[in-house]
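Structure record follows, encoded as structure tokens.
The values are calculated or read from the model by the stated rules, or taken from the named source; none is laboratory data. Predicted, not measured: the structure shown is a model, and the values here were computed from it. Neighbour counts run over all protein chains shown; Cβ positions are idealised from the backbone, glycine included. The accessibility values were calculated without ligands, DNA or RNA, using every heavy atom of the protein model including side chains. Shrake-Rupley method; radii C 1.70, N 1.55, O 1.52, S 1.80 Å.
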Amino acid sequence: MNSFKYKTLFKVISEQTDLPDNAVIADLGCKDATFLLAFQEAFPEKIKSAVGVDITDKRFKDVKHKKPIKLKVMDCSKKLKFADNTFDFVFTKDMFECVSDKDLLVREIHRILKPGGVVISVNCDWDSVTYNGENKQLISKALQAYAVTKQPWMDDLDSWIGRRMYGFFNKSNLFESSVSVYNVVETDFTEGTFGYDLSMDIAWLYKENTGALKEKEYNEFIDNLKSAQNKGLYIFSKPYYIYKGIKK
Ligand SMILES: C[S@@+](CC[C@H](N)C(=O)[O-])C[C@H]1O[C@@H](n2cnc3c(N)ncnc32)[C@H](O)[C@@H]1O
């Protein structure tokens, strides 16, 4: 995994990933296939073929292709264009909240997994993300606005998706379910960290005129984070729920 910030999260995920020999794997909502490539690097002897799908091919050009990755455009809100019992392992990260019919996706993941196949679904619980800083009300407002404001490419948005993921799969009775949480904690507001990158993403709320956060409020929010950093008070925390299901 080249991305420094995802290294620890991927380590926690890969420790829960037990692939058979000649594994056939998929990543749903793969974007630039960062995680698919990481699985390939972590389990080079095990993976026979890997496919990444996304609703858009916008980021496929950024993928440094390594055999045997295939990339396909596919809408995971609909019936997946894969045959029954195709995969040993299905991975999906931060895509589930964008899909409107989550029960359908759960059933589809079950259908495309081989008997005994494993799904790992990793989702940030956006309503549990925190920064420390002086202006509590403003920081909470910026985070809450980001958590609940739907971006154009999302069919749906659920800021509680992390805590809800276990239930979506478990209530289907199609999987042996377990869940764990990996919490990112950072004490430096510097480029390339989760906290810094999120604070930059939050700018879209005023840039796209969503009405959820004014430019003045955004600038004050960033000043709060910088000031917290300068005074040694900065903390950023972000929980990733890691759901693991074994096909019954
Ligand atoms: C927040 S990004 C996460 C990307 C990647 N899984 C990661 O964690 O680095 C969400 C991805 O899901 C994709 N996506 C959103 N809705 C989708 C859908 N209905 N079907 C397939 N992909 C979808 C988006 O295009 C985007 O690449």
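Take the conditions of a type in the set (G, A, S) and surrounded by fewer than 17 Cβ atoms within 10 Å (Cβ to Cβ) and apply them to S49. Does it pass?
It is true that S49 is of a type in the set (G, A, S) and surrounded by fewer than 17 Cβ atoms within 10 Å (Cβ to Cβ).
So which pairs qualify, if the first residue must be in region 94-120 and outside any strand (DSSP E or B), the second must be hydroxyl-bearing (S, T, Y) and surrounded by 23 or more Cβ atoms within 10 Å (Cβ to Cβ), the Cβ gap must be under 7 Å, and the two must be at least 6 apart or on different chains?
Pairs found: F96/S121.
Taking into account only those residues within region 121-132 that are part of a strand (DSSP E or B) and not polar (S, T, N, Q), which is farthest from the ligand (Cβ to nearest atom)?
This residue is Y131.
For residues in region 115-136 being polar (S, T, N, Q) and surrounded by fewer than 21 Cβ atoms within 10 Å (Cβ to Cβ), which is farthest from the chain's Cα centre (by Cα)?
This residue is N135.
Taking the options T17, T56, name whichever one is of a type in the set (S, T, N, Q), touching a residue at least 40 places away in the same chain (Cβ under 8 Å) and within 28 Å of V179 (Cβ to Cβ).
None of the other options fit; the residue is T17.
Just checking, which of I246, I242 is under 21 Å from the mean Cα position of the chain (by Cα), of a type in the set (V, I, T) and open to solvent by 30 Å² or more (accessible area, probe 1.4 Å)?
I246
Would you point out the residue of region 14-33, among those that are within 11 Å of the ligand (Cβ to nearest atom) and outside any strand (DSSP E or B), that is most open to solvent (accessible area, probe 1.4 Å)?
K31
What residue, of Y166, Y206, Y218, is under 21 Å from N132 (Cα atoms) and at pLDDT 95 or above?
Y218
When both residues are 6+ apart or on different chains and their Cβ atoms are under 6 Å apart, which pairs have a first residue that lies in region 143-154 and is at pLDDT 90 or above, and a second that is assigned to a loop (DSSP other than H, G, I, E, B) and of a type in the set (A, V, I, L, M)?
Pairs found: L143/V129; A145/A212; A145/L213; Y146/I202; T149/A212.
For D197, work out the one condition from (1) closer than 16 Å to V129 by Cβ; (2) buried (at least 18 other Cβ atoms within 10 Å of the Cβ); (3) not polar (S, T, N, Q) it doesn't fulfil.
(2) is the only condition that D197 fails.
When region 64-112 is examined, which residues are found to be among the hydroxyl-bearing types (S, T, Y) and either more than 11 Å from the ligand (Cβ to nearest atom) or over 26 Å from D158 (Cα atoms) (or both)?
The one that is among the hydroxyl-bearing types (S, T, Y) and either more than 11 Å from the ligand (Cβ to nearest atom) or over 26 Å from D158 (Cα atoms) (or both): T86.
Can you tell me which of G232, G211 is assigned to a loop (DSSP other than H, G, I, E, B) and open to solvent by 70 Å² or more (accessible area, probe 1.4 Å)?
Sole residue among the options that is assigned to a loop (DSSP other than H, G, I, E, B) and open to solvent by 70 Å² or more (accessible area, probe 1.4 Å): G211.
Being of a type in the set (V, I, T) and under 24 Å from Y243 (Cβ atoms), is that true of even one residue in region 95-106?
Within region 95-106, one or more residues are of a type in the set (V, I, T) and under 24 Å from Y243 (Cβ atoms).
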